[in-house]
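Chemist: Below are the structure tokens for one structure; questions will follow.
The values are calculated or read from the model by the stated rules, or taken from the named source; none is laboratory data. This is a predicted model, so every value here is computed, not measured. Every residue, glycine among them, receives a Cβ derived from its backbone with ideal geometry; neighbour counts consider all protein chains shown.
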Amino acid sequence: MKYKVKATLLSDKLSAFYEVLTNGTVQNQNPDGAEIVAAMKAAKITSPNVIEWNQTCFCATPLEHERATVYDKYITNITTELVDEFVDIEGDAFWDYLE
């Protein structure tokens, strides 16, 4: 399933989030680590402390595994919208902001 995802940043967790995204911790997680890293590299800041991105997920509950293992530690207020195709998201690059 394809989703458009929106979440609020936990500002005090950003450096820790960047660390696990770049040190292999998330990348090496099965089955979805590479997808999480790719999603965050493509994520956009769409308003203050808000990011949006597209992500594929096959969990019964959208992003269930991703949230349990990664996202809920670093972002909050996660919402998902089922889409037929990924949508273009306007905003500043979240990855650049993390760096």
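Chemist: Given the criterion under 16 Å from LEU9 (Cβ atoms) and outside any helix (DSSP H, G or I), identify the matching residue among THR80, THR76.
Modeler: None of the other options fit; the residue is THR76.
Chemist: Search the range 4-35 for residues being part of a loop (DSSP other than H, G, I, E, B) and of a type in the set (Val, Ile, Thr), and hand back the single one that is farthest from ALA68 (Cα to Cα).
Modeler: Checked the range 4-35; the qualifying residue farthest from ALA68 (Cα to Cα) is THR25.
Chemist: Go through (1) over 14 Å from the mean Cα position of the chain (by Cα); (2) more than 17 Å from ILE89 (Cβ to Cβ); (3) among the hydroxyl-bearing types (Ser, Thr, Tyr) and name the single condition THR22 misses.
Modeler: Status for THR22: all satisfied but (1).
Chemist: Return the residues of the range 66-84 that are touching a residue at least 24 places away in the same chain (Cβ under 8 Å) and out of contact with any Phe, Trp or Tyr (no Cβ under 7 Å at 6 or more places or on another chain); say none if nothing qualifies.
Modeler: GLU66, THR69, VAL70, TYR71, LYS73, ILE75, THR76, ASN77, THR79, ASP84
Chemist: Could you list, in sequence order, the residues of the range 55-65 that are polar (S, T, N, Q), surrounded by fewer than 19 Cβ atoms within 10 Å (Cβ to Cβ) and not in a loop (DSSP other than H, G, I, E, B)?
Modeler: THR56 - this is the single residue of the range 55-65 that is polar (S, T, N, Q), surrounded by fewer than 19 Cβ atoms within 10 Å (Cβ to Cβ) and not in a loop (DSSP other than H, G, I, E, B).
Chemist: Something else about it: Residues ALA38, ALA68: which one is at pLDDT 95 or above, of a type in the set (Gly, Ala, Ser), more than 17 Å from MET1 (Cα to Cα) and assigned to a helix (DSSP H, G or I)?
Modeler: ALA68
Chemist: List pairs: first in the range 1-15 and among the β-branched types (Val, Ile, Thr), second not in a loop (DSSP other than H, G, I, E, B), Cβ under 6 Å, 6+ apart or cross-chain?
Modeler: Here the result reads VAL5/TRP53; VAL5/GLN55; VAL5/THR80; THR8/VAL50; THR8/THR76; THR8/ASN77, each pair linking the range 1-15 to a residue that is not in a loop (DSSP other than H, G, I, E, B).
Chemist: What pairs come out if I take residues in the range 41-54 that are of a type in the set (Asp, Glu) and pair them with residues that are assigned to a strand (DSSP E or B) and surrounded by 15 or more Cβ atoms within 10 Å (Cβ to Cβ) whose C-beta lies under 7 Å away, six or more apart or interchain?
Modeler: Close Cβ pairs satisfying both conditions: GLU52/LYS4; GLU52/VAL5; GLU52/LYS6; GLU52/LYS44; GLU52/THR46.
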